[in-house]
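A short write-up of the structure that comes next.
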């Protein structure tokens, strides 16, 4: 078989070197083998490739390599550098270049060597499962080997040529990559499931799936949130002392011994003392191990001074403009936040009855008001303003009326009994 070879460069994130934006380009450089007639990828079968490398100072070296499979890595590192001045003008620019000189014929009788072909595996979670049971998570696999092509296997069941798997449920999944020499490498990845921070609001659902968002202003009007800092991907036995190792989907190396964390999993709930940091993604807590589980963990060390922001948007009758105010509420030790905004909602009402009794479907906008809610998490990240997550807006509006309901009445402070559906 007649073969050709190409230089293929896979660029990696650039490194910024100064305040002017000067940068270094980094890359992995491969030689890939192709059939000279069909132009399709082909096995090199230990073909000899001669190539040159010209560095930034225009020095050229000649190199050789035998390529057993479809592609071989020949260089990893800096391939270019650009220097700017303070006005963003280019001062200097240099590149490392690679060139194929010749490709020999492969030996079809040569078998692949009995050593792994530099098989590597990385997995990225492109998107989590958007809600429980949604089964819409997605991952992308990056794998390299000297022996191409590579097959991708998920949970030992699904094998594909594509490195992307979609339609996945939350939880642990095992990815296996297998190259053309039948070498394999496996890794477990955790796909989180997005669960809403908002766990309840002051609306009431009635028979027929009718929803009342009307509330009496002089009763509590409460939005309840559950803090969920990070996912617990699993729990295991700490063999040294029989305690529980907790695997978390974030770097926990900053957590200190004797810190307290709050866990809520299908097997374990409560506040626990940290005995040690087992590795960057695993804590050991002062709880004897019983069995594994998944859930969430709140870590004050990583998200200090945590609070919930509730943004109330409304039309201000006095100014004639739309306005908004943001309320701050802190959680209890379980991470639950009860945001009662009734005091503010009372200020939206005016004790003037201008009801037009001759009109139908008329809402008195003195004795009642509408508002919309958006909410976000906030914590101190060491900056002046702290970190505020993106606000989540509730699509439907809510309503408040100048009224009070007796304790113990049906639906609490919600006016569902009086809303005609």
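Work out the FRET efficiency for residue 7 and residue 88 from their Cβ-Cβ distance, taking R0 = 41 Å, and round it to the nearest 0.05.
Efficiency at R0 = 41 Å is approximately 0.85.
Alpha carbons only, please: Rg and Dmax for the range 120-191, in angstrom.
Over the range 120-191's Cα set, Rg and Dmax evaluate to 12.2, 40 Å.
Taking every pair of Cα atoms in the range 230-299, average 1/r, invert it to obtain the Kirkwood radius, and report Rg/Rh to two decimals.
That ratio equals 0.90.
Among 370-383, 320-333, 210-223, how do they line up from the highest to the lowest mean number of other beta-carbon atoms within 10 Å? Write out the running numbers ahead of the final one.
Numbers: 370-383: 16.2, 320-333: 12.1, 210-223: 19.9.
Packing proxy ranking, top to bottom: 210-223, 370-383, 320-333.
Along the Cα→Cβ direction, 7 angstrom out, place labels at residue 404 and residue 39. What is the inter-label distance in nm?
A separation of 8.2 nm, rounded to one decimal place.
So between residue 291 and residue 395, what do we pick up on full extension, going 0.36 nm a residue minus the alpha carbon distance?
Extending this stretch completely gives an extra 33.4 nm.
I need the Kirkwood Rh of the range 1-154: take the reciprocal of the average 1/r across all distinct C-alpha pairs and report it in angstrom.
Taking the inverse mean of 1/r over all distinct Cα pairs, the range 1-154 comes out at 18.3 Å.
What percent of all Cα-Cα pairs in the chain falls in each 20 Å bin, counting up from 0?
18, 35, 31, 13, 2
Let me check the size of the range 66-205 from its C-alpha atoms; what are the radius of gyration and Dmax in Å?
Over the range 66-205's Cα set, Rg and Dmax evaluate to 22.7, 76 Å.
For the range 287-359, rounded, prolate or oblate, judged on the Cα gyration tensor with a ≥ b ≥ c (square roots of eigenvalues), a/c < 1.5 rounded, else prolate if a/b > b/c?
prolate
Sort 227, 81, 105 so that the residue with the fewest other Cβ atoms within 10 Å of its own Cβ comes first and the one with the most comes last. The partial results should precede the final answer.
On the way: 227 22, 81 18, 105 13.
Exposure proxy ranking, most exposed first: 105, 81, 227.
Would you mind ranking 233, 352 so that the residue whose beta carbon has the fewest other beta carbons within 10 Å leads the list?
Going from least to most buried by this count: 352, 233.
Bear in mind that the values in this text are calculations on the coordinates, not laboratory data. Only a predicted model underlies this, so the values are computations on that prediction, with no experimental measurement involved. Cβ sites come from the backbone with ideal geometry, for glycine too, and all protein chains shown count toward neighbours.
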